[in-house]
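Notes for the one structure printed next.
The values are calculated or read from the model by the stated rules, or taken from the named source; none is laboratory data. This structure is a prediction, so every number in the text was calculated from the model and none was measured. Please note: Cβ atoms are built from the backbone with ideal geometry, for glycine as well, and neighbour counts cover all protein chains shown.
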Amino acid sequence: MSTSPANKMRWLIRRELWEHKGMLLWTPVLIGIVMTVLGTLLTAATIANTKLKTALTVNGEPVSWSAIFNTMSFAPHRKQILETVANHYTNVAAPLFLALGFLVFFYCLGALYDDRRDRSVLFWKSLPVSDTQTVLSKVIVALLVAPLIVLATASLTALALLLALSGVLAANGIHVLGELAALPGLYLGPVRLFGLLPVYCLWALPTVGWLLMVSGWARSKVFIWAVGVPLLLAILVVWIDKLTQEQANVGWLQINVIARALLGTLPGSWYIFEPGLSPQVSATDHGAPLAQLDLLANSWSSLTLPAAWLGAAAGAAMIWVAIRLRRWREEG
Amino acid sequence: MNTELDKNSVISARALRKQYGKQAALDGVSFDIAPGRIVGLIGPNGSGKTTTLKAILGLTGFEGELSVLGRDPRLQRDALMEDVCFIADVAILPGWLKVSDAVDFVAGVHPRFDRSKAERYLALTKLSPTMKVRSMSKGMVVQLHLALVMAIDAKLLVLDEPTLGLDILYRKQFYQNLLEDYFDENKTIVITTHQIEEVEHILSDLLFIRDGRIVLAASMEEVGERYVEVMVGPQQLNAARALLPLGERSVFGKSVMLFDGVSREQLALLGELHAPSLADLFVATMKGSYQ
Amino acid sequence: MSIAWHDNSPIYRQLKDRVIGMMLDGALQSGDALPSVRQVAADYQLNPITVSRAYQELVDEALVEKRRGLGMYVLEGARDKLLASERERFMREEWPAMLERIARLGLDVEQLLLASKGAGA
């Protein structure tokens, strides 16, 4: 039986999933199922409601929505609508991405803390697995495994909702599935989601590093330490700023240190930290602003910002500290 | 004792020191442990025995020199853990762990784990593969932990209060399994325990530790030769006390005195001789701690 | 097995005496194998070194032999040898001490024998 480092890492990751199956696997799946069910019901209810109202009255004759939708003159609009849907349907999974932010946050908070609290760390330390490997396995779960599970769930949920919508529309005489299936956007959608993963990893590193470090250090009340210290720092800085009447750039500290320490696990956090990233929306556009935004390319452009790499370096440094803490921190 | 570390010892310690704030947990601990022995590291709470074990297992830093299986636990801990196994406290397996997962994990990360052995031990218990630790009694958790440990071909096994809080059945079974299936002349075991009577006859060597120092280091054979208890009648009391006993206690109105290194012929004149129990020897040696 | 070991003689010697007792009682006959050191250590919760020492003394007294790779076996005539030495010890030490005690108590040896024969019949 090979006990190579790669094999050990595989088992370490498996161990994380055994311990956190509820948080990392079942929670996203459950959210996805609930979203699908609720979404389907909502769509069916809305369409049923709309059906009751007639769209137009032409020469005294009521015209249904489906009739309008199916006319030739409507065709270009129809094409545009379907293309927008195909390109952006994955956005409907937003609740899952929000959930990911919280899941990874709390996972990291407990990663090096829980097994010190119940003393099971002494069992893991009795096995020939280095502290570096242990901590890195948790980083991998936080930055890769958990997001991948959520991305897969999000893709499936979005697809399911789309199918549900198509089904409901079809029941009312509007058939869109065939055309949707022909649009490349439908398939590229999930691919683009997965393509955001490296950007997510980079911007989440500072938070993951900070949380793992606190997780490995705190003897109790880990949440209070992890959140309290940055907030206290923020308050302190504001107070000093007001006291000394210096024009210290408080905002800089708040964004670049405190927010990055706490909010990095939220997908899309880079838009919070770097508001300049998102392009200005021109007032004359009638189309949805989001339609103009190529989320993938835009997000990847954030990699040109030095802040991204400085933050990642800080995160890596804190992970190193977490490894040292794991090695030498003594339990009462 | 040589001031150099002994290369032939499984564990060799010289002048170990460790401070926690102002308290010296270890204050110059030196000892050697030869291979194939079962050593009892016995001392009162706060004597430094837990700190000594932690030092041996690389769980704490220290000053001084320490060599475990030829390695410094501070610098080569990861390599050391392939040859050393320990059970630190009763029932420290995490509650969410399943029996089958525990076996799979250890099999996946430990090069010296024999899976079929572990499964054989588990078959003799009431543990089923799908059981989780949180649904097991303390004794069952120890059975699982022991099954895993005994299937690992480690050269050194460190047991820190392994039977604490277990009922008598599990305790007896613990040592039975250890002696019957695990221990051989290539392995060394270090035990700390408060249940001195339980391990008295299992030990081959003794280390008494007090206030961060070793106050007695001897094989059980030497202990048997050095220490004698005498039941002294009232007429012999003064003569006996003149020989400077290590300790004196009263049993049914008679005085029982413990002597270290005094000839048996001399002592036979004062009363009935017998071998002191380890517990009595411990109390007599540790008297200072409780004053 | 919980044995109450005495505190007036080393454990290994008490263990040796146990084995001798079994040989005298016929529980262990010539050619029988002694249980392995490991088994005895586990069953009686003793250190294997203690058991080995007891076994070694039995070997030294020519009661038991070590067969390489197989274990310890009771030698031929071990029981006879034991009986002979135990009898000799009885006649030399225990019987005279017993006679002395009977005399001190003011009892008659022959009367005692008759009484015991009657009761034992």
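Among residues of the stretch A:1-15 that are within 10 Å of chain B (Cβ to nearest Cβ), none has a beta-carbon under 6 Å from a residue that is assigned to a helix (DSSP H, G or I) and at pLDDT below 90 at least six positions away or on a different chain. Which is more than 9 Å from every other protein chain (Cβ to nearest Cβ), without any contact (Cβ under 8 Å) to a residue 12 or more places away in the chain, farther than 30 Å from B:ILE209 by Cβ and surrounded by fewer than 17 Cβ atoms within 10 Å (Cβ to Cβ), of B:ARG134, B:ARG120? Criteria check complete, one pass: B:ARG120. All conditions in (1) modelled with pLDDT of 90 or more; (2) at the interface with another protein chain (Cβ under 7 Å from one of its Cβ atoms); (3) over 21 Å from B:ASN177 (Cα atoms) hold for C:ASP7, with the sole exception of (1). B:LEU169 satisfies every condition listed in (1) crowded, with 16+ Cβ neighbours inside 10 Å; (2) farther than 20 Å from B:ALA34 by Cβ except (1). Out of curiosity, is B:THR163 closer than 27 Å to B:GLY58 by Cα, of a type in the set (Ser, Thr, Tyr) and modelled with pLDDT under 95? Judged against the criteria, B:THR163 is a match. Listed by position, the helices (runs of 4 or more DSSP H) enclosed by the stretch C:33-121 that each have at least 1 residues that are within 30 Å of B:ASP181 (Cβ to Cβ) are C:37-44, C:48-60. Could you tell me whether B:ASP89 is within 13 Å of another protein chain (Cβ to nearest Cβ), farther than 25 Å from B:GLY58 by Cα and either part of a helix (DSSP H, G or I) or of a type in the set (Asp, Glu) (or both)? For B:ASP89, the condition - within 13 Å of another protein chain (Cβ to nearest Cβ), farther than 25 Å from B:GLY58 by Cα and either part of a helix (DSSP H, G or I) or of a type in the set (Asp, Glu) (or both) - is not met. Only residues that are farther than 10 Å from A:GLY101 by Cβ, under 17 Å from the mean Cα position of the chain (by Cα) and not aliphatic (A, V, I, L, M) were counted in the stretch A:253-273, giving 4.
For the stretch B:261-278, the count of residues that are more than 14 Å from chain C (Cβ to nearest Cβ), surrounded by 15 or more Cβ atoms within 10 Å (Cβ to Cβ) and under 28 Å from the mean Cα position of the chain (by Cα) is nonzero.
Residue by residue, here is whether (1) of a type in the set (Ser, Thr, Tyr); (2) surrounded by 15 or more Cβ atoms within 10 Å (Cβ to Cβ); (3) more than 13 Å from chain B (Cβ to nearest Cβ); (4) on the phi < 0 side of the Ramachandran plot holds:
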{"position": "C:LEU24", "(1), (2), (3), (4)": "no, no, yes, yes"}
{"position": "C:LEU28", "(1), (2), (3), (4)": "no, yes, yes, yes"}
{"position": "C:VAL40", "(1), (2), (3), (4)": "no, yes, no, yes"}
{"position": "C:PRO48", "(1), (2), (3), (4)": "no, yes, no, yes"}
{"position": "C:ARG53", "(1), (2), (3), (4)": "no, yes, no, yes"}
{"position": "C:ALA62", "(1), (2), (3), (4)": "no, no, yes, no"}
{"position": "C:ARG68", "(1), (2), (3), (4)": "no, no, yes, yes"}
{"position": "C:VAL74", "(1), (2), (3), (4)": "no, yes, yes, yes"}
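Select from the stretch B:8-31 the residues that are in contact with a Ser or Thr (Cβ under 9 Å, 6 or more places away or on another chain), surrounded by fewer than 20 Cβ atoms within 10 Å (Cβ to Cβ) and away from chain A (no Cβ under 12 Å) and list them in ascending order. Selection gives B:SER9, B:ARG14, B:ALA15, B:SER30. Taken together, the residues in the stretch B:146-157 that are surrounded by fewer than 23 Cβ atoms within 10 Å (Cβ to Cβ), more than 20 Å from B:LYS54 (Cα to Cα) and among the hydrophobic types (A, V, I, L, M, F, W, C) amount to 1.
Of all the numbered requirements in (1) within 29 Å of the chain's Cα centre (by Cα); (2) within 14 Å of another protein chain (Cβ to nearest Cβ); (3) modelled with pLDDT under 95, A:SER137 misses one, and that requirement is (3).
Of all the residues in the stretch B:47-81, those that are within 14 Å of chain A (Cβ to nearest Cβ), part of a loop (DSSP other than H, G, I, E, B) and in contact (Cβ under 8 Å) with a residue 60 or more places away in the chain number 2.
One line per residue, one yes/no per condition, for (1) in contact (Cβ under 8 Å) with a residue 40 or more places away in the chain; (2) surrounded by fewer than 19 Cβ atoms within 10 Å (Cβ to Cβ):
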site	(1), (2)
B:LEU144	yes, no
B:LEU159	yes, no
B:PRO162	yes, no
B:GLU185	yes, yes
B:VAL228	yes, no
B:GLN235	no, yes
B:PRO245	no, no
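You will find that of B:GLY95, B:GLY108, B:GLY48, the residue that is of a type outside the set (Lys, Arg) and buried (at least 22 other Cβ atoms within 10 Å of the Cβ) is B:GLY48 and no other. None of B:VAL228, B:VAL215, B:VAL223 is within 14 Å of chain C (Cβ to nearest Cβ), over 11 Å from the mean Cα position of the chain (by Cα) and assigned to a strand (DSSP E or B) except B:VAL228. Number of residues in the stretch B:20-46 that are assigned to a strand (DSSP E or B) and within 30 Å of C:THR50 (Cβ to Cβ) equals 10. Here B:ARG17 meets each of (1) touching a Lys or Arg at 6+ places or on another chain (Cβ under 9 Å); (2) assigned to a strand (DSSP E or B) with one exception, condition (1).
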